[in-house]
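Worksheet: one structure, shown below.
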Amino acid sequence: MLTALVYKAHTQEKQIQIETQSSALILKAGKNGLLYQTYLGAKLTGNSGYDALSKENTKSFVINDGNPLNNLRHLAYPTYGTDNLFESAIRVTHNDRNPSLELTYVSHRTEKIDDNTTETIIKLKDQVYPVEVTLHYKAFYNENIVEQWTEIVHHEKKPIMLYNYASSMLHFDADRYWLTQFHGDWAKEARMLETELTSGTKVIDSKLGVRTNMYQTPVFFLSLNAKAEENSGEIIAGTIAWSGNFKLAFELDNKNSLRISSGINPFASEYSLEPGKLFTTPSFIYTFSNKGKGQASRNLHKWAGKYGIKDGDKPRLTLLNNWETTFFNFDEKKLTDMFADTKTLGVDMFLLDDGWFGNKYPRSGDKSGLGDWQATKTKLPNGIGFLIQEAQKTGVKFGIWIEPEMVNPKSELYEKHPDWVLKLPNRPESYYRSQLVLDLSNPQVQDFVFKTVDDIMQTNSGVAFFKWDCNRMMTSAYSTYLKNQQSHLFIEYTKGLYKVLDRIKTKYPNLPMMLCAGGGGRTDYALLKYFTEFWASDNTDPYNRVFIQWGYSQFFPAFSICNHVTSWGNQSIKFKTDVAMMGKLGFDINVKELKANELKYCQDAVANYKRLSPVIWHGDMYRMVSPYDESRAVLMYVDDTKSKAVLFSYTLHPLYDPQYNLVRFQGLDPNKKYKVEEINLMPEAKKTLEESGESYTGDYLMNVGLRVSSSKVETSVVLEITQI
């Protein structure tokens, strides 16, 4: 009966085009009123090709009444409960306990936001129940990025229950599919793994509540028909902008068609939606490239710099951190002496890490004090304000570490507000790193977390930088505040965090902050709207860091990935610094222990980095040799005018006397002439590149290349390439 109603209401198909400079997503409302995806790929010239797409598809799908659907097969936002046999984007239960939903096309419009951005809005509704779903597609023309999300609302008399609520559903028809995922754990984040998809469903997800990227990073590459290389092949790069539990599902069906659903993980998160209240899913961000992974990464980097990361077009602060020099053991004298070290090194800022707070329970280790955000009087009798003043006298900025979402049971905060933590009734408290998670679904807790930042910012002129940490996941997750809506916890916690960060960003719009979560446990484009950068891993051994930074570089620009020179590893200070310069440079070393030539090298490297950082941060990144393919890694950054470039070559663990091939440069102008100069040399060291100081055409460098790699274990070469 419902199908007949739909056919009566819709007599002609409507085509919807969502295009960027190089890609297109085509949707079509069929005569039956349902909305289908007919194409996702390279942009075609004119509309005739799009018009022919559904007609050329010989695989037909027949609904129960026997009427063919013009060979349209892929529902743009498939529902559960009627005749869908595969993954659904949305599943609900109505007031009368009917578990079905069928969404029909109502209307669409495209709004021009600016010269580069358009948003297409498609309204769908159920013909029987008052449930409406709106699909949003924001297209960034020059960056070839599409951002997609969904809004759900209903007007039934009582709440309906949402069980599935995907941000998007994309469809593909290829011969074969390869998925590259990024997985790991503490100290081994963002490791790349490529596998061919087979029949069934592959799921990448998180159920950790916070620090959600601890095991799986919410990003992926999907290669179509053949494995995508760095510079060739059809590929989709996708990521979900959500800081809580996420789910990416890849379902390969009996027809060898692939559907990808993305969004909040519905696990333990059925959501009771009140009448008239809007449920908005997070954004799924993706790009199509027919020029391999490299172009997909550059698309994302350019988009992130303009739209995805706070202050993406502004400079970042180089810094010296005290953690590995002092750990918890410091006082005012030690810290103020390090201000002078910061100035000597040539970096912009001193960052005070963990251990500066707590009085009844001083923070002398990780078992106490967390939650009591007042300076420890025995360590810092004159408070944070004194440190800010002394840093300013030295000519450096002052930053500070906080972990405001967490609390130690041994703290004044916990003693005053035991009901503010997540813990199960009638069971022992569950500790991880001797701490508990504060309940950010509770507005009182949100106020407390905001006040933590606000109080510090009200001290004298305020700190210049925050490192915001989050060192545990949710276990035994139960909210006293949510009472009978415990399945809302994972969602409401994340929303509560965003509310706090919105308040901070509104009051302190120019405040830079580093996102940290026990290493790279939080790396998503939802939080990066509030943070200028993220800490990639607590593992700062430069050999391991090459792989970690390589993985993150696939989806995030260099200026957002924080890399520090530390005591981890036995490599030279040059190798450590050159690896850290691949992204946002910092130091976490005892400057006083550096030898004279090491200090001189660091000072020169910092000066080089500051001079070249616009190219590294905002240039196009080209990955020429992968550490997954050879015992070295080679990459370069090229500015928009193709007049300046920086190349990094890292030799890892080669066999004896490796005979490395020439490396062909990328991204240069073949008609320009460039001088190639090796920089970042230890004092009085010989240059590795024999051709250093010579000049070549871009054509020669890109088609012939140079030997840019040392043959020695764990060594590095940095080249500055300048148009003559």
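Per residue of the chain, the DSSP helices (runs of n ≥ 4 H) give a summed -39500 (n - 2.57) that works out to -6000 deg cm²/dmol at 222 nm.
Rounding to the nearest 20 debye, state how big the charge dipole of the chain is about its Cα centre with +1 on each Lys and Arg Cβ and -1 on each Asp and Glu Cβ.
Roughly 600 debye for the chain.
Taking label positions 7 Å along the Cα-Cβ direction at both Thr641 and Asp699, the computed distance is 2.3 nm, reported to one decimal. Lysine pair count for region 609-724 with Cα-Cα distance under 17 Å and sequence separation of 8 or more or different chains is 10. Pairs of lysine residues in region 217-329 that meet both criteria, 8 or more places apart or on different chains and Cα atoms under 29 Å apart, total 24.
With 0.36 nm allotted per residue and the present C-alpha distance subtracted, the Val128-Arg97 stretch has 9.8 nm of extension available.
Taking the Cα centre of region 571-650 as origin, work out the dipole magnitude from +1 charges on Lys and Arg Cβ and -1 charges on Asp and Glu Cβ, in debye rounded to 20.
On the way: 12 positive and 10 negative charges, 51 e Å.
Charge dipole, region 571-650, about its Cα centre: 240 debye, nearest 20.
Here region 624-671 is assigned +1 on the Cβ of each Lys and Arg and -1 on the Cβ of each Asp and Glu. Its dipole about the Cα centre then comes out at about 60 debye. Distance between the 7 Å Cα→Cβ label points at Ser631 and Asp502: 5.4 nm. Subtracting the Cα-Cα distance of Glu332 and Asn590 from 0.36 nm times their residue separation leaves 91.3 nm of extension gain.
Using a cut-off of 13 Å between beta-carbons, work out the net charge of the residues near Thr376 (Lys and Arg +1, Asp and Glu -1, Thr376 not included). Value of the local net charge: -1.
Here the chain is scanned for GluC sites (Glu not before Pro) in DSSP loops (not H, G, I, E, B) that have at most 14 other Cβ atoms within 10 Å, and the longest stretch holding none of them is 430-683. Candidate values (i) 45, 42, 24; (ii) 45, 36, 20; (iii) 42, 35, 27 were compared with semi-axes √(5λ) of the Cα gyration tensor in Å computed on the shown model; the agreeing label is (ii). Stretching the chain fully between Lys367 and Ser199 yields a gain of 55.7 nm (0.36 nm per residue, less the alpha carbon separation). The mean sequence distance of close C-alpha pairs (under 8 Å, at least 6 residues apart), as a share of the length of the chain, puts its relative contact order at 9 percent.
Taking every lysine pair in region 95-158 that is 8 or more places apart or spans two chains, those with Cα atoms closer than 21 Å amount to 6. Around Phe220, under 11 Å between beta carbons, what's the net of Lys plus Arg minus Asp minus Glu among the other residues? Residues near Phe220 contribute 0 overall.
Each Lys or Arg adds one and each Asp or Glu takes one away; over the other residues whose Cβ falls under 15 Å from the Cβ of Lys507, this sums to +1. Listed by chain and number, the aspartates and glutamates whose C-alpha is less than 19 Å from the C-alpha of Lys423, apart from same-chain residues fewer than 8 away, are Glu403, Glu405, Glu412, Glu415, Asp439, Glu492.
None of the figures in this text is laboratory data; all of them are computed from the coordinates on show. No experiment lies behind these values; they were computed from the predicted model shown. Glycine gets a Cβ as well: all are built from the backbone with ideal geometry, and neighbour counts include every protein chain shown.
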